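Single-structure report; data block below.
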Amino acid sequence: SLERTGNGVARSVKARYWSDLDAAGCRPYSDGPLTVRLAIEAAGTCTISSLAVTLYDTLGTKLVNADTIALGHTLRLEPGEHHVTLRIPELHLNPGVYIMGFWLAGPLATVYDFVPTGFELEVVPQPSPGLGRAPGDDGLVTCRLELLESD
């Protein structure tokens, strides 16, 4: 049984994720996309104004909060099971193990369901373009770097 809080008007009941790089075995890779398909069970008619996929490090620090509230998009659900697919185009996390959680809330920030630790997810390295090598696990997030000038 998962640790969860909320009033249960809507609950995340299933989730799966994938990437688009076959070589990574559908696992997400640094700076690559992450797609999450979430099954939501609605106990009654409800509006979801905030649906989020969250990623934490193994110590519980929230690193990514991909929340539909930033898109200004609400979902109106009738009773029953519904499916929502979210895509993070570039996941800026270094290779390692992270924890994926889920958040569903209605109007006025009414918490329907909060699962902070759904399951573990492994981010794998992507082969480096060019002759450079990846800096390894130095830090948790990646960034794009450009060398502009050298004298």
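Summary table below
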item	result
GluC sites (Glu not before Pro) restricted to DSSP loop in segment 1-101 with at most 15 other C-beta within 10 Å	Glu3, Glu90
Extension gain (nm, one decimal) between Leu63 and Glu146, 0.36 nm per residue minus Cα-Cα	27.5 nm
Segment 72-117, accessible area per residue, ligands and nucleic acids excluded (1.4 Å, Å²)	49
Estimated translational D of the chain in µm²/s (Stokes, Kirkwood radius over Cα pairs; 4 °C; 1.567 mPa s)	78
Share of Cα-Cα pairs in segment 57-97 lying beyond 15 Å, as whole percent	62
Cα-based convex hull, segment 9-98, per residue volume (Å³, whole number)	103
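The values are calculated or read from the model by the stated rules, or taken from the named source; none is laboratory data. The structure presented is a predicted model; accordingly, all values stated were derived computationally and were not measured. All Cβ positions, even for glycine, are placed from backbone atoms using ideal geometry, and neighbour counts span all protein chains on display. The accessibility values were calculated without ligands, DNA or RNA, using every heavy atom of the protein model including side chains. Shrake-Rupley method; radii C 1.70, N 1.55, O 1.52, S 1.80 Å.
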